[in-house]
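Input: a single structure, listed below in structure tokens.
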Amino acid sequence: MSRWRELPAELHPQVRDLIVRLRRLKDRGEYSTRQVAARTGYSTRSWERYLTGRSLPPRDAVEALARMCGGDPSSLLVLHEMASARWGETHGGPSSTSSPDAGREPPAPVASWPYGRAARVALTAGVTALVVSVTAVLVLAVELAEAREDARAARAGAGAAAGATAPDPAAVLPSLHTCRLERADGRWYAGYSRTLQTLAAYGRTGPVVIEAQCLLRRAGASPGDVDGIFGPLTRRAVRRFQDREGLTVDGVVGPDTWRALRTWEAR
């Protein structure tokens, strides 16, 4: 498996999630960066930027890598769409999904519209609204499918390390989950993840979110149902807990919030 360089801290969690999944695909296929470049049509230099978080990969590059490594292109493309929307927030402008040495033919110029400015604005607004509506429907289904995959991997790793016998969280998604709280080494755990680093943010699903929801409920900042989906209620609960404990109130469960959740005791 590759020894990856740490991703830039300023990356949005959804951009980080896309790049991590691309790295896992490459590792699973055991391809070198040069081999990936040769089989996808994008240069080695471009792939080095994509996989280190310096550039957002184009949609075609994501799809090509998924097919090359036996992944699911549809789920990765949904993640890419979400990451594209967030890329501009941390890089001061619209997302860039191409590179000067990508080895692809430049796109043909778009013909001018024979309509006035008002018509172009109305058409753009309509297309944007349609894309947002369709994306909202697809994202949950795709994320839940990937959550089952992540949960199975997490359970397999825990079972190999400690002979765990807890029920497979993926088997019951999106049903509610049981929090099995226990204390070890001065920290609390709920049986789904032992992380102190993994970011859990709005839109994420899976075992890490279940763990955070259980610990929030234990700390008196109920996120509602423990369903493994980081939605509005969970984000609100995280912010309440962060404000109460004097942490940065950003609604994201990062290293500081994990430590506070795992060591929280009633006063």
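Structure summary
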| read-out | value |
| --- | --- |
| Residue selected from region 249-267 under the condition hydrophobic (A, V, I, L, M, F, W, C) and free of Cβ contacts under 8 Å to residues at least 60 places away in the same chain, by the criterion surrounded by the most Cβ atoms within 10 Å (Cβ to Cβ) | VAL253 |
| Selection status of ILE229, crowded, with 21+ Cβ neighbours inside 10 Å and in contact with a strand residue (DSSP E or B) (Cβ under 7 Å, 6 or more places away or on another chain) | yes |
| Per-region count, region 196-223, residues part of a loop (DSSP other than H, G, I, E, B) and surrounded by 23 or more Cβ atoms within 10 Å (Cβ to Cβ) | 3 |
| Selection within region 224-239 - part of a loop (DSSP other than H, G, I, E, B) and either touching a residue at least 60 places away in the same chain (Cβ under 8 Å) or within 14 Å of GLY203 (Cα to Cα) (or both) | ASP227, GLY228, PHE230, GLY231 |
| Test for GLY206: is it outside the structural domain of ARG86 (by TED's automatic domain parsing) and free of Cβ contacts under 8 Å to residues at least 60 places away in the same chain | no |
| Complete set of residues in region 210-247 that are among the aliphatic types (A, V, I, L, M) and over 23 Å from GLU265 (Cβ atoms) | ILE229, LEU233 |
| Filter result for ARG45 (part of a helix (DSSP H, G or I), outside the structural domain of PRO255 (by TED's automatic domain parsing) and either under 23 Å from PRO255 (Cβ atoms) or out of contact with any helix residue (DSSP H, G or I) (no Cβ under 6 Å at 6 or more places or on another chain) (or both)) | yes |
| Qualifying residues in region 38-76 (those that are over 27 Å from LEU199 (Cα atoms) and among the polar types (S, T, N, Q)) - the one surrounded by the fewest Cβ atoms within 10 Å (Cβ to Cβ) | THR44 |
| Where a residue in region 74-102 is under 22 Å from LEU25 (Cβ atoms) and its partner, wherever it lies, is modelled with pLDDT under 70 and of a type in the set (Lys, Arg), with Cβ under 8 Å and at least six apart | SER98/ARG104 |
| Number of positions in region 13-31 that are out of contact with any strand residue (DSSP E or B) (no Cβ under 9 Å at 6 or more places or on another chain), farther than 18 Å from ARG59 by Cα and not hydroxyl-bearing (Ser, Thr, Tyr) | 4 |
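Condition check ((1) of a type in the set (Val, Ile, Thr); (2) under 13 Å from VAL253 (Cβ atoms); (3) in contact with a Gly (Cβ under 7 Å, 6 or more places away or on another chain); (4) at pLDDT 95 or above) across all residues:
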{"residue": "ASP185", "(1), (2), (3), (4)": "no, no, no, no"}
{"residue": "GLN197", "(1), (2), (3), (4)": "no, yes, no, no"}
{"residue": "VAL209", "(1), (2), (3), (4)": "yes, yes, yes, yes"}
{"residue": "GLN213", "(1), (2), (3), (4)": "no, yes, no, yes"}
{"residue": "LEU216", "(1), (2), (3), (4)": "no, yes, no, yes"}
{"residue": "SER222", "(1), (2), (3), (4)": "no, no, no, no"}
{"residue": "ASP225", "(1), (2), (3), (4)": "no, no, no, no"}
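To keep it simple, each residue is scored yes or no on (1) under 14 Å from ALA201 (Cβ atoms); (2) modelled with pLDDT of 85 or more; (3) surrounded by fewer than 20 Cβ atoms within 10 Å (Cβ to Cβ).
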residue	(1), (2), (3)
TRP4	no, no, yes
LEU7	no, yes, yes
LEU18	yes, yes, no
ASP27	no, yes, yes
VAL36	no, yes, no
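The values are calculated or read from the model by the stated rules, or taken from the named source; none is laboratory data. Quantities reported herein were computed from a predicted structural model and do not represent experimental measurements. Neighbour counts run over all protein chains shown; Cβ positions are idealised from the backbone, glycine included.
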